Structures are given as structure tokens and as C-alpha cells.
Amino acid sequence: MNVDGKLGTNANDNARGADNQARAGAGGPDATVAWVLSYFGPEQSVAADSLHLAYSIDGLHWTRLGSGEPAYQLTGMGTNHIRDPFILRKRDGSFVYLATDWTRSNDDGDYWNHPSSKILIADSKDLIGFTNPRLLTLTSLAGPGGKPMHAWAPEAYYDPTGEQYAIIWSGNDSADRNRIYVSYSKDFETLLSPDPIIFFDPGYSVIDGTITSWKGSSYLFFKDETDDEGGAVTGSGKDIQVARAPSESLTPGAFMRLDAGYISRGTNQGTRQATEGPFLIKDPNQDIWYLYADLYAKGGKFGCWSSSDLSAKPSAWTPLPPDDYSLPKGVRHANTVRVSQAELDALKAHYR
């Protein structure tokens with residue numbers, strides 16, 4: 001671990017430029033041509049609670065890979081349920097898949113009785129075959145009622161300074177207040193320290209952090225997890241906000257909320273949209289950013305907002321009309337990774 005807990009100045013190929021700068025292999029120029037979307041489904045079944053994939057060239061229109069069956073379904077690990085998938089291209093060009101561990105539960109009701117401090121991890125060379133599924137414990141700290149702290153929505157970033165990976169995740173303390181934490185690993189097999197670091201704590205409950213860098217600053221998009229009790233501090237909660245850090249180093253504790261407003265509410269800040277699981281990409285042809293978020297109360301539908309300026313007030317983001325973008329039916333809590341033309345061709349040939 002770095003002494004100051006930093007992610008270095010070249011923070012994750014996945015995150016920089018909202019993974020528009022991801023490399024199709026270690027080093028070298030950007031040879032990528034498309035995004036691959038990872039997601040899970042809205043039903044509480046093993047097939048839905050598995051890894052599903054889609055792709056897009058323009059960042060707006062997404063095509064499902066396969067006929068609807070999971071790209072990867074867990075077997076032999078508890079109930080085999082997993083959620084909130086995230087895929088990182090590692091420095092060697094291969095991929096690592098992270099997800100929220102739901103394996104002790106068959107449905108939402110079960111999960112609250114059996115929260116997990118672990119995340120699921122598996123490896124892949126091509127997003128076609130997945131190997132070595134394992135559960136990695138992120139903390140032994142207790143959550144509310146003495147039960148394990150939950151570990152939600154893991155994402156991973158590379159820290160070149162420490163030659164390590166940082167796993168960003170959402171956890172709840174004994175008072176059931178959620179913060180965004182970071183844990184470090186060199187191999188996604190073990191952690192460098194059993195004690196997580198608080199990465200972002202604005203003073204109220206937050207989850208689902210995703211990060212990108214732009215013009216020398218870093219931006220953290222997250223869900224305000226409060227529910228009406230926030231008042232003047234947070235508004236009524238349950239929507240997407242943004243924080244900024246003054247460098248690309250992604251130092252824990254360096255992010256400050258830009259504004260109390262919510263991106264997902266646009267000019268009508270008084271109307272809750274009920275969004276979570278944000279991800280961000282940059283239009284490959286123009287200086288426009290797209291923020292997607294899961295409209296979780298609508299069972300597998302996403303909203304999309306655009307801006308040319310990540311430092312703009314949240315209310316200045318423009319909601320896209322539903323006809324301007326399309327995702328496969330039933331997408332829940334998604335994220336993206338960039339792939340080359342050869343990788344995309346192989347994926348399309350395999351997932352017919």
C-alpha cells in the first residue's frame with residue numbers, strides 16, 4: 001500500500017476518460033473500438049443474478065451479446081446468486097470480473113438476513129471463458145446488529161505508483177450508515193491489509209461510487225442513499241450526485257461534493273427519480289459525456305443524461321429522450337469496459 005493511500009496519477013485504464021482510453025492489451029496506443037456492457041437482470045433468479053453482456057459502438061445503442069442466457073453463471077457456490085458486475089482490463093491485457101456476493105441468498109429478503117462482506121471475483125482472457133471464481137473478504141468489521149458489513153458494487157482501479165489494484169466498494173457501519181471504501185490488492189487473491197480505508201464520506205449515507213478523470217481532476221459519481229431525512233444537507237436522497245478531487249491521484253478523502261443537486265433530476269430537483277448504479281462514458285466522436293443510471297424502481301430500465309462539462313452543476317445535465325438511446329431489456333446495475341475490433345468480433349461470433 002502507498003503510505004498515503006493514493007491511487008497514482010495514472011489511475012485505471014478503465015476509469016480514465018470513463019474507460020474511453022482503455023487499452024486492448026498492456027501498454028501501447030488505444031486500439032479499442034467498442035464498449036462491452038456488463039449487467040445483471042431484474043428477476044430474482046440465478047439466471048438473472050449472473051453476468052450478462054452487451055456492446056455498443058456509439059455509446060447510446062446497445063446490443064445484447066447472446067440470446068438472453070448469462071455469459072457466465074456461477075455454479076457450486078452457495079445459491080449461485082451474484083449482482084452488480086464490473087469488469088476491469090488488467091495490466092497484462094486479461095480481464096478480472098468483480099461482483100456483489102449474493103451467494104447466501106435466494107432473494108432480497110434472504111440477503112438482509114445474510115449480508116456478505118465478500119465480493120465475487122473471476123478471471124477471463126477474452127470475456128468468453130471465466131475461471132477461478134472465488135470470494136474475497138473485504139473486511140471483518142461489523143455492520144448493524146453485529147452482522148457482517150455488506151460489500152456492495154465493487155469496482156477496481158490500477159495504482160501504478162504502488163503497482164497494485166484498488167477495489168472501491170460500498171459498506172455500512174454498525175449504525176447502518178454507508179460509506180465508500182477502498183481495499184488494495186496486487187493479485188485479486190489477497191488484500192494488502194485486512195482493514196479498508198474510507199475513500200469517500202460526505203457526512204451522510206452514500207453507495208455505488210464510480211470514478212473518472214478529466215482535465216487534471218477526478219470525478220466520483222455516487223448515489224445519495226438517504227431517504228427524505230437528509231433535509232438541507234442532501235435533499236430527499238435516492239439519486240445520483242457528483243464529487244470532485246483536485247487531481248488525478250484519487251487520494252482517499254480528497255473528494256468534495258460539487259453541489260447538493262442531483263444529476264438524475266435535471267432542472268426539476270424536487271422530483272425524485274430513484275436512481276442507482278451510475279456509469280459514465282465519453283462519446284467517441286465529440287466532447288459529450290453520457291451518465292447512465294439504473295431506474296431501480298422500474299425493474300430493468302435505465303436513464304441517460306449528457307453534459308460537455310463534468311464540473312457543471314448537477315442540475316445542468318440534460319436528460320436524453322428515451323428514443324435517443326436503447327439498452328437490452330432488463331438491464332440492472334451496469335458498467336463498461338473497452339474492447340478491440342478482434343475482441344468484439346470474437347464476442348459476437350461466440351454469443352450468437
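The values are calculated or read from the model by the stated rules, or taken from the named source; none is laboratory data. A quick note: this is a predicted structure, and the numbers were derived from the prediction, not measured. Every residue, glycine as well, gets a Cβ built from its backbone with ideal geometry; the counts of neighbours run over all protein chains shown. Protein only, heavy atoms only, side chains kept; ligands, DNA and RNA dropped before computing areas. Shrake-Rupley method; radii C 1.70, N 1.55, O 1.52, S 1.80 Å.
Here are some notes:
- For segment 240-275, a residue qualifies if it is closer than 28 Å to ASP227 by Cα, among the charged types (D, E, K, R) and open to solvent by 20 Å² or more (accessible area, probe 1.4 Å), and the qualifying residues are ARG244, ARG257, ASP259, ARG272.
- First in segment 323-352 and touching a residue at least 40 places away in the same chain (Cβ under 8 Å), second anywhere and in a loop (DSSP other than H, G, I, E, B) and aromatic (Phe, Trp, Tyr), Cβ under 6 Å, 6 or more apart: LEU327/TRP62
- Qualifying residue in segment 28-46 (condition: in contact with an Asp or Glu (Cβ under 6 Å, 6 or more places away or on another chain), open to solvent by less than 60 Å² (accessible area, probe 1.4 Å) and at pLDDT 95 or above): yes
- Conditions (1) more than 30 Å from VAL339 (Cβ to Cβ); (2) surrounded by fewer than 23 Cβ atoms within 10 Å (Cβ to Cβ); number of the one not met by ALA122: (1)
- Counting only strands (runs of 3 or more DSSP E) that sit wholly inside segment 276-317, those with at least 3 residues that are open to solvent by 10 Å² or more (accessible area, probe 1.4 Å) are 276-282, 301-307.
- Annotation note: Cβ proximity below 6 Å between a residue of segment 70-97 that is closer than 19 Å to GLU155 by Cα and open to solvent by 20 Å² or more (accessible area, probe 1.4 Å) and a residue that is among the hydrophobic types (A, V, I, L, M, F, W, C) and at pLDDT below 95 (sequence gap 6+ or interchain) occurs for ARG91/ALA26; ASP92/ALA26.
- Enumeration of residues in segment 205-219 that are touching an Asp or Glu at 6+ places or on another chain (Cβ under 8 Å), part of a loop (DSSP other than H, G, I, E, B) and surrounded by fewer than 22 Cβ atoms within 10 Å (Cβ to Cβ): GLY216
- Selection count where residues are loosely packed, with under 14 Cβ neighbours inside 10 Å and either part of a strand (DSSP E or B) or small (Gly, Ala, Ser) (or both), scope segment 323-352: 2
- Among the residues of segment 220-258, those that are over 27 Å from ALA99 (Cβ atoms), among the small types (Gly, Ala, Ser) and in a strand (DSSP E or B) comprise GLY231, GLY235.
- Whether a residue is at negative phi, within 20 Å of the chain's Cα centre (by Cα) and acidic (Asp, Glu) was assessed, and ASP110 does not pass this test.
- Residues satisfying the stated conditions in segment 163-192, i.e. open to solvent by less than 30 Å² (accessible area, probe 1.4 Å) and among the polar types (S, T, N, Q): GLN164, SER170, ASN172, ASN178, SER183, SER185
- In segment 98-112, the qualifying residues are those that are of a type outside the set (S, T, N, Q) and outside any strand (DSSP E or B), and the one that is least open to solvent (accessible area, probe 1.4 Å) is TYR111.
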